[in-house]
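This report refers to the structure that appears directly beneath it.
The values are calculated or read from the model by the stated rules, or taken from the named source; none is laboratory data. Just so it is clear, the model here is predicted, and its values are computed rather than measured. Backbone-built Cβ (ideal geometry, glycine too); neighbour counts: all protein chains shown.
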Amino acid sequence: MTLQTPMPETAAPLLEVRDLVKHHGQVRAVDGVSFHIRAGETVGLVGESGCGKSTLGRAIMGLAPLTSGEVRLDGAVISGLPYAQVRPLRKRMQMVFQDPYASLNPRRRVGQIIEEPLKVHGLGSAKARRAQVIELMARVGLPADAAGRFPHEFSGGQRQRVGIARALALSPALIVADEPVSALDVSVQAQVVNLMVRLQQEMGLSYLFISHDLAVVHYIADRILVMYLGKIVEVSDRARVWKQPLHPYTAGLLAAHPSPDPAGAHRPHLRIEGDMPSPTAPPPGCRFHTRCPFKVERCASEEPALRALNDGRSVACHLVEVSADGIAHAPTERTAAPIRSAEPALPLSPS
Ligand code: SF4
């Protein structure tokens, strides 16, 4: 395993997604998403079940053809290329899935599962591959005798370690992790997330960490993308997404979590009513207007662009104002009448 040197800020991003659209028939799962990930960075992608985040992850990985848009790796377009051309590049991007049991072949031993990507890409002799499997197992905290055992002999957390070891086998630069801890007990979630943080530090990995749980994403991500009904509605750094969410939907996601520190204790509970509309017929104007407690007339007819603010954040909301001192302000009772409640908001549905 080689350590990768983080790229200077001016270099091309490791991953760049440009205006990605992915429709399945009538379903507009992803509807024009752009973002980038720099080397060594963790970008969190958060939103309710059905918002398109998993489809976006799969589209980036080339597991489903794009409807339009492009994906670049190290500045080179990798979307839409013939498989033979993409294959060597794909070594740089690997995926970790939500359900470690479903993603591991139950008839293969753990050692074979971890070795498989090396075999598929024809890397190393059998002896060298076996040595690498032992090293990978140690790296993710699996016991040395795990190689000869089957996935069903392990706990959910250990199975996810197998999935992570398999993803690391080809020394990728980027791991797309789709709800990697959602199927695990809360106590085990922390162990797996901490393992991912340690691996990142040791190997210079970048992550696209996809989750419905803003608390988990907040723990691991440097930057957070909030997705609603196929679009990115807010891009923020981890500290400010928690302390000062700008988009009402982000504030609603946060309301499902207790404030972690006294400074955030006065964060208003913003209740998001109702269900997400169907992605087959997204509402006109702002897609969130059917559930937004701040909506004004304009929201139902005019779609807000994802505006880049001068503090590095981006937000798609007509009512976010930037004051003369350059500070962005979320919609408040000054701009509309919010629904506030001392009751905890209904938890958002998990994926
Ligand atoms: Fe709410 Fe309007 Fe902002 Fe959309 S644009 S989030 S409906 S206030």
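From the list Ala336, Ala342, which residue is modelled with pLDDT under 90, in a loop (DSSP other than H, G, I, E, B), within 15 Å of the ligand (Cβ to nearest atom) and over 27 Å from the mean Cα position of the chain (by Cα)?
Only one candidate passes the filter, namely Ala336.
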Checking Met137 against (1) assigned by TED's automatic domain parsing to the domain that holds Asp237; (2) modelled with pLDDT of 95 or more, only one condition comes out false. Which one? (1)
Cβ contacts < 9 Å: first residue in the same structural domain as Ser236 (by TED's automatic domain parsing) and among the aliphatic types (A, V, I, L, M), restricted to segment 285-306; second residue part of a loop (DSSP other than H, G, I, E, B) and more than 6 Å from the ligand (Cβ to nearest atom), any location; separation 6+ or different chain. Result? Val296/Thr335; Val296/Ala336; Ala300/Pro283; Ala300/Pro284; Ala300/Gly285; Ala300/Thr290; Ala305/Ala316; Leu306/Ala316
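One line per residue, one yes/no per condition, for (1) over 27 Å from Gly157 (Cβ atoms); (2) more than 13 Å from the chain's Cα centre (by Cα):
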| residue | (1), (2) |
| --- | --- |
| Ser49 | no, no |
| Pro65 | yes, yes |
| Ala76 | yes, yes |
| Ala102 | no, yes |
| Ile114 | no, yes |
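Tell me, please, whether a residue that is buried (at least 18 other Cβ atoms within 10 Å of the Cβ) and among the charged types (D, E, K, R) can be found in segment 97-116. Walk me through it before giving the result.
Taking segment 97-116 and keeping what is buried (at least 18 other Cβ atoms within 10 Å of the Cβ), we get 97-98, 100, 103-104, 110-111, 113-115.
Then drop every residue that is not among the charged types (D, E, K, R), which leaves 115.
Within segment 97-116, one or more residues are buried (at least 18 other Cβ atoms within 10 Å of the Cβ) and among the charged types (D, E, K, R).
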Within segment 267-284, the count of residues that are more than 18 Å from Ala316 (Cβ to Cβ), touching a residue at least 40 places away in the same chain (Cβ under 8 Å) and in contact with a helix residue (DSSP H, G or I) (Cβ under 8 Å, 6 or more places away or on another chain) comes to 3
Exclusive hit being buried (at least 16 other Cβ atoms within 10 Å of the Cβ) and more than 23 Å from Thr42 (Cβ to Cβ), set Arg159, Arg92, Arg129, Arg139: Arg129
Going by the structure shown, is Leu208 buried (at least 24 other Cβ atoms within 10 Å of the Cβ) and in the same structural domain as Ser49 (by TED's automatic domain parsing)? yes
Might you let me know whether segment 25-33 holds any residue that is part of a helix (DSSP H, G or I) and on the phi < 0 side of the Ramachandran plot? no
So which residues in segment 194-205 are part of a helix (DSSP H, G or I) and crowded, with 20+ Cβ neighbours inside 10 Å, if there are any at all? Met196, Leu199
Enumeration of residues in segment 280-322 that are surrounded by fewer than 16 Cβ atoms within 10 Å (Cβ to Cβ), part of a helix (DSSP H, G or I) and not aliphatic (A, V, I, L, M): Glu297, Arg298
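Could you tell me which of the residues Ser103, Ser79 is closer than 23 Å to Ile37 by Cβ, part of a loop (DSSP other than H, G, I, E, B) and at pLDDT 90 or above? Reasoning before the result, please.
Working: Ser103 fails: at pLDDT 90 or above.
Result of the check over Ser103, Ser79: Ser79.
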What is the number of the single condition among (1) within 14 Å of the ligand (Cβ to nearest atom); (2) surrounded by fewer than 16 Cβ atoms within 10 Å (Cβ to Cβ); (3) closer than 21 Å to Gln244 by Cβ that Glu273 does not meet? (3)
